[in-house]
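Readers should treat all values here as calculations from the given coordinates under stated rules, not as data from a laboratory. Only a predicted model underlies this, so the values are computations on that prediction, with no experimental measurement involved. A quick note on method: Cβ atoms are made from the backbone with ideal geometry, for glycine too, and the neighbour counts reach across all protein chains shown.
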Amino acid sequence: MSTTHPLLLITTIIIFLVLASKTSYAQTRNQTISSSIATFPWTPSQNKTLTSNNSIFSSGFIPAPNSPNEFIFSVYYKNISPITTIWSLDTLVNASSGLTIAVSGELRIAEATLPGSPRASNSTNNTSFRLNNDGSLSVGSWSSFQHPTDTYVPNQNITGHVLTVKRGPGSTFRFDGKSLLFSGGYDNETEYYSIGGNKFQSLDGQGKVQLENGATFITSDYGDVTLRRIKLDTNGNLRVYSWDSGSGMWNVVWQAVPELCRIKGTCGPNFVCMYGDTYDTTVCDCPPGFSQRTGSNGEEECKRKVEFGNDSKFLELDYVNFTGGSGQGDEWSIEAWNFTMCESACANDIECLGFGYKYDGQRYCTLVKQLYYGIWSPATEAAFFLRVAKSETDQTNFTGLTSILETTCPVQISLPFPPEESKSTTRNIAIISTLFAAELISGVAFFWAFLKKYVKYRDMARTFGLEFLPAGGPKRFSYAELKTATNDFSSTNVVGKGGFGDVYKGVLTDHRIVAVKCLKNVTGGDNEFWAEVTIIARMHHLNLVRLWGFCAEKGQRILVYEYVPNGSLDKFLFQKFDYTNGNEDDAVEGSKLLDRKPILDWGIRYRIALGVARAIAYLHEECLEWVLHCDIKPENILLGADFCPKISDFGLSKLRKKEDMVSYSRMRGTRGYMAPEWVKSDQITPKADVYSFGMVLLEIVTGVRNFDIQGSKMDSEDWYFPRWAFDKVYKEMNIEDILDKHIKQSYDSRLHEEMITRMVKTAIWCLQDRPEMRPSMGKVAKMLEGTVEIIEPKKPTIFFLGDE
């Protein structure tokens, strides 16, 4: 018989015990809860989890947010960090409390019975407790899908189940399947989004949402098989998220409300909701006469500084609307013949806190008793007049274009009055004269030495005259600054390309984000370049991209503009996907080429068209040195964070005085948007821009390029986009045939017919073949506003050819 060495035996026993202890801990951490009731209670200290058979979902106790010593029982995605929950119990427990199944079969946590928990009629030892592959947690006949919290997952039956999320003490957001609703301490439940009479029914794994009536809509990444969820966020917006395994992030692929300030309850009473640096952030600001402070419940409040009595006044808040409506008689409209009548009606009612008024002759006047749901937006058609005490010293900080802009862009220079005749002695005069002469001689000598030393640097001598800039002129940047800001003009920073050069995104040393345009093929010398830069910088308008500075160094001609975050209009209009009502093949086509931009609704499209029209009218009619753009197209219309349009590339064409007509020796612009006079070499007037705007206006309505033939039997050489639109509106009397199919299903004839008809008729007037038949841009803006009557235009033809 062989004998074992004692030391070897002891070593073997120690290794076995260590491995056994590690195996025991791993099994405990990943343990699947038995279906037997005997394994309960289930406490956080046990570190147990329940995992679905497909290893996608897990359930168990996780630390509660902002409370590390308390835990919450949740169902969440396995192996995704940070933890993303799809269902949770709202009861917090400590490490020793937990989940139990009572003898009666009820599911309890911290002695509280779960809603709808079943009661077993037979032995409870056979009660099944399991986590299914679809993410639902079930015990007996009870399922977590029957009591959702803030999330739906694919293939979950949504009908009849409500999502709820708390905004703060006493206020909640709720989604009942078809509407988003807000209830707060100062208002009953009010709706701020609805999909109509239909309800959400289910979401599938490819990104299609099924409605009760059989209709569907799809997400921007439809067709990709990935993890998805519908979540009611804490800001009140309903969104569809999809998991990107490459970046390890959840991406928003659909959202109910594109503008967060439209969500009721984003800001509290008296606040004005404004947009932050991006359209996905908001800022709550107090109007004049109010101050912000922390309330007793820890939330920020906006309180009036001085209470008013019978002695009060009104402050004008441009682009502000407090007439959101609470449904409790807090606002009412009257028919006022003029502004004075509207103002008097509010002043004579002690409960009136302000009124909204439109300067459009339509007698719009709305009086407000409560300052709820304040919102700032350039699309606001009415100005709001806030009532404050007459002793209030605050000035309005919400000013519009009419009060802050000097469209003539003057540069005022004044000289001081000459001093009185000096009574100094001859000695003092001699001393001063000597010192002046010495300084003059020293300055001349230094200047001569400077020129002699640096005359060999041709570029520096060329830009020398640009050092002396008038007050209020654009900032001059060095080439090194812009090179650093754009990461050496890296190709990854390119955000646009155009006829005048490439555009790069850059970050200045003061953390401002800018758009840097490197010009190419720019003719003329330094004086002409400086003149154009000066004119562009003096053009201030809400709907024009602002020029901040320039660079003329080392043979480079560079312009520095403000950065517009949402990019150009064409990225939103001409996308590769479509909504569908059951035809899945149509929805899939091109889905993977999406830029994942939100679809613009009819209201935003009208605001974009009106803003662009006003900006072009400003360039044509309001500045002494007027500008002909020559290249109006969707690529040159940028969208701000709140979808406010801004025209770019203006002022880069040759300028002339307002009283002169302009004639160019070569064609300028983009084919498809050029007026017929460019081809016929006729005189070019502002009416050329009117024609280009008309083509863009039709594209905003139709959502397609003007050279895409739209289901016509006409030969391609005879196809003409404006003539097709004219026939649909005036011959067939069917405007719905030309609407953008992406949002055609949201078209409501009662709400949108007048607005869209006005846009189409205005576009056809702009597209008349003869320049003298087209209206001016000032009149075009009024036609879109509805302040002038639009008569039937003549049918547009191609290059003065008659209609067949």
Next item on the list: May I ask you to evaluate 6.51 cos²θ - 1.76 cosθ + 1.60, the Karplus curve with θ = phi - 60°, for each residue of the range 477-490 and list the ³J(HN,Hα) values in order in whole Hz, giving x for glycine and proline?
Entry: 9, 7, 5, 5, 4, 6, 5, 5, 5, 9, 6, 6, 6, 5
Margin query: Under 5 Å between amide hydrogens, which residues at least 5 positions from Leu371 or on another chain qualify, with H placed 1.01 Å from N in the peptide plane?
Written below: Asn270
Next item on the list: With no solvent and one equal point scatterer per Cα, compute the Debye intensity ratio I(q)/I(0) for the range 181-297 at 0.10, 0.14, 0.23 Å⁻¹ and report its log10, rounded to two decimals.
Entry: -0.42, -0.74, -1.35
Margin query: Assuming 0.36 nm per residue, please report the length gained on full extension of the stretch Thr84 to Tyr730 beyond their Cα-Cα distance.
Written below: 227.1 nm
Next item on the list: Calculate, for Gln362 and Asn213, the FRET efficiency according to 1/(1 + (r/R0)^6) with r their C-beta to C-beta distance and R0 45 Å; round to the nearest 0.05.
Entry: 0.75
Next item on the list: Would you mind ranking Thr278, Thr486 so that the residue whose beta carbon has the fewest other beta carbons within 10 Å leads the list?
Entry: Thr278, Thr486
Next item on the list: Order the peptides 253-259, 51-57 from the highest to the lowest mean number of other Cβ atoms within 10 Å of their residues.
Entry: 253-259, 51-57
Next item on the list: Would you mind ranking Arg538, Arg239 so that the residue whose beta carbon has the fewest other beta carbons within 10 Å leads the list?
Entry: Arg239, Arg538
Margin query: Expected output is a single nm value to one decimal: the length gained when fully extending between Lys795 and Lys497, i.e. 0.36 nm times separation in residues minus the C-alpha distance. What is it?
Written below: 103.8 nm
Next item on the list: With label points built 7 Å along Cα→Cβ from the Cα atoms of Leu92 and Asn132, find their separation and express it in nm.
Entry: 3.2 nm
Next item on the list: Compute the Cα gyration tensor for the range 298-400, then decide on rounded, prolate or oblate, letting a ≥ b ≥ c be the square roots of its eigenvalues: rounded whenever a/c is under 1.5, prolate when a/b is larger than b/c in the other cases, and oblate in all that remain.
Entry: rounded
Item checked: the range 482-497-the range 228-288 distance, computed between alpha-carbon centres (Å) -> 30 Å
Check: Based on the alpha-carbon gyration tensor of the range 144-238, what equivalent-ellipsoid semi-axes (square roots of 5 times the eigenvalues) come out, in whole Å, largest first?
Finding: 25, 14, 12
Check: Contour minus end-to-end for Phe707 and Asn521, with contour as 0.36 nm per residue of separation and end-to-end as the Cα-Cα distance?
Finding: 64.1 nm
Checklist line | Spin-label pair Ile432/Phe574, simplified geometry with 7 Å Cα→Cβ offset, distance in nm | finding: 7.0 nm
Notebook entry, point to check: How far is it, in nm, from the label point at Val788 to the one at Phe447 when both lie 7 Å from their Cα along the line to the Cβ?
Noted result: 5.4 nm
Checklist line | Karplus 3J(HN,Hα) series, Hz, for the range 538-543 with 6.51 cos²θ - 1.76 cosθ + 1.60 (x for Gly, Pro) | finding: 8, 8, 10, 7, 4, 9
Item checked: Phe57 long-range amide H proximity, modeled H, under 5 Å -> Ser52, Lys78
Checklist line | Label point 7 Å beyond Cα of Asp277 along Cβ direction - residues of the range 483-520 with amide nitrogen under 17 Å | finding: 485-487, 505-516
Margin query: Residue by residue through the range 350-364, what is 3J(HN,Hα) from phi via Karplus (6.51 cos²θ - 1.76 cosθ + 1.60, θ = phi - 60°)? Round to whole Hz and write x for glycine and proline.
Written below: 5, 7, 6, 9, x, 8, x, 9, 10, 8, 10, x, 8, 6, 7
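Using a Förster radius of 41 Å, what is the FRET efficiency between Gln683 and Glu562 based on their Cβ-Cβ separation? Nearest 0.05, please.
Rounded to the nearest 0.05, the efficiency is 0.75.
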